[in-house]
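For reference, the structure discussed in these notes is given below.
The values are calculated or read from the model by the stated rules, or taken from the named source; none is laboratory data. Because the structure is predicted, anything quoted here is derived from the model rather than measured. Here Cβ is always computed from backbone atoms with ideal geometry, including for glycine, and neighbour counts include all displayed protein chains.
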Amino acid sequence: MAAMNKVFALLLRAVVGTCLIVAAPLVRAQEPTLLRVHHFLPTTSTIHARLIEPWCESLYRESAGRLKCQIHPAMQLGGTPAQLFDQARDGVVDVVWTLLGYSAGRFPLLEVFELPFMIHDAESASRALWRYASQEGAADLHEVQPLALHTHEAGHFFLGKRAVTQRADLRGLKIRAPTRQANRMLAALGASPVGMPVPQVADALYKGVIDGALLPYEVVPALKIHEVTRFASETDARFPALYTSVFALVMNKARYQGLPADLRALIDRTTGIELSARAGRLYDEAAERGRQAVRARGNSVNVIPPAELAQWRATTQTVVESWQSEVTAKGGDGARLLATARALIESERGKKTPLATTGSRIEAAQTK
């Protein structure tokens with residue numbers, strides 16, 4: 001009997017082992033496809049908490065767990081913000097969200113949206129930007145799979161020493177700007193521009209490396225800019241925005257193309273012009289929260305009037321002309337591209353993103 005039991009035990013082990021060997025590929029097949037997502041902002045930022053996280057959750061939910069993100073904020077995977085685009089292009093990570101202007105001159109066709117006095121609000125501008133990129137700017141992004149393109153709302157001055165009410169107030173001030181077009185604009189207006197990624201701005205203001213910064217209100221609370229400045233100088237809302245920046249959510253092309261067809265279709269369905277407009281809308285909505293944080297701190301807030309801004313626009317026309325000449329010298333038609341961008345911006349004004357199609361978490365995030 002003992003011998004029979006021993007034989008039975010050996011047979012049972014063999015059967016169980018065989019079942020495990022057969023089942024192992026099935027278990028592995030059920031493991032989700034992971035997308036590593038990298039960006040430069042903290043987890044408290046609007047983009048992380050209210051766009052990237054909800055989008056990733058929608059991918060996981062709608063794929064029944066087959067597609068999952070690993071989100072790495074604040075450059076956790078190393079490198080600098082300017083290197084994020086190449087990280088996606090080269091497959092170091094799968095998806096990045098970044099500010100294209102950190103790579104000066106690399107995306108000349110899309111830079112038209114970063115020229116002075118172009119946009120009115122981020123939502124409509126982001127719709128226009130996606131359409132423009134699809135029609136005219138595709139060459140700038142041919143190395144990756146674009147998922148969303150958007151701008152932020154109107155950018156303003158945040159300063160430590162004094163408010164800006166007129167052009168003369170900018171003389172002698174070292175002002176941070178995010179893009180080369182914003183740097184050129186500041187130089188034309190008499191300031192000393194300092195190029196700097198946004199994660200470095202608060203420390204530079206605190207240490208007196210710069211006197212002020214061009215920023216949207218949206219990012220102020222997340223980076224505590226209101227705690228290291230004393231003055232906020234806004235441009236009048238009736239006038240086009242002083243400047244904006246172009247952001248991109250892009251994916252490694254080979255990674256995208258290597259996904260099963262239904263997962264590619266899911267990514268296509270949850271990105272594009274609607275995700276772009278949604279990102280812009282989040283910036284528009286977050287602006288008032290940033291303004292409230294500045295006022296609650298006791299900082300002074302003033303508005304630069306339209307009459308003054310009209311003079312600024314005339315002065316910075318040289319920046320626009322310089323961009324046109326550069327693009328034309330590279331084989332493009334700068335005047336036509338500028339006219340196209342402006343026409344798209346105007347045609348998209350007033351359009352709102354339909355929340356009903358965004359998915360429950362994204363919709364909830366937008367209405368908080």
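Selection of region 292-308 for residues being within 16 Å of GLU218 (Cα to Cα) and in a strand (DSSP E or B) yields only VAL301.
Being touching an Asp or Glu at 6+ places or on another chain (Cβ under 6 Å), hydrophobic (A, V, I, L, M, F, W, C) and under 17 Å from ALA279 (Cβ atoms) is the requirement here; does LEU110 meet it? Yes; evaluated as a whole, the condition is true for this residue. The single residue among LEU129, LEU115, LEU149 that is surrounded by 17 or more Cβ atoms within 10 Å (Cβ to Cβ), in contact with a helix residue (DSSP H, G or I) (Cβ under 7 Å, 6 or more places away or on another chain), of a type in the set (A, V, I, L, M) and under 30 Å from THR33 (Cα atoms) turns out to be LEU149.
Return yes when ALA187 is over 24 Å from GLU123 (Cα atoms), in contact with a Leu (Cβ under 7 Å, 6 or more places away or on another chain) and not aromatic (Phe, Trp, Tyr) and no when it is not. For ALA187, the condition - over 24 Å from GLU123 (Cα atoms), in contact with a Leu (Cβ under 7 Å, 6 or more places away or on another chain) and not aromatic (Phe, Trp, Tyr) - is not met.
Would you be able to say whether some residue in region 81-98 is under 19 Å from PRO240 (Cβ atoms) and of a type outside the set (Lys, Arg)? No, that holds for no residue. Listed by first and then second residue, the pairs linking a residue in region 105-132 that is at positive phi to a residue that is β-branched (Val, Ile, Thr), with Cβ atoms under 8 Å apart and 6 or more places separating them unless they lie on different chains, are PHE117/THR316.
For ASN183, which of the numbered conditions (1) touching a residue at least 60 places away in the same chain (Cβ under 8 Å); (2) under 30 Å from ILE273 (Cβ atoms) fails to hold? Looking at each condition in turn, ASN183 falls short on (1). Summed over region 151-173, the residues that are within 22 Å of the chain's Cα centre (by Cα), among the β-branched types (Val, Ile, Thr) and assigned to a loop (DSSP other than H, G, I, E, B) give a count of 0. For region 90-107, taking the residues that are surrounded by fewer than 20 Cβ atoms within 10 Å (Cβ to Cβ) and under 28 Å from GLY334 (Cβ atoms), the one that is modelled with the highest pLDDT is identified as ARG106. A search for C-beta distances below 8 Å between a residue of region 312-328 that is in contact (Cβ under 8 Å) with a residue 40 or more places away in the chain and any residue that is of a type in the set (Asp, Glu), counting only pairs 6+ apart in sequence or on different chains, returns TRP323/GLU111; VAL327/ASP333.
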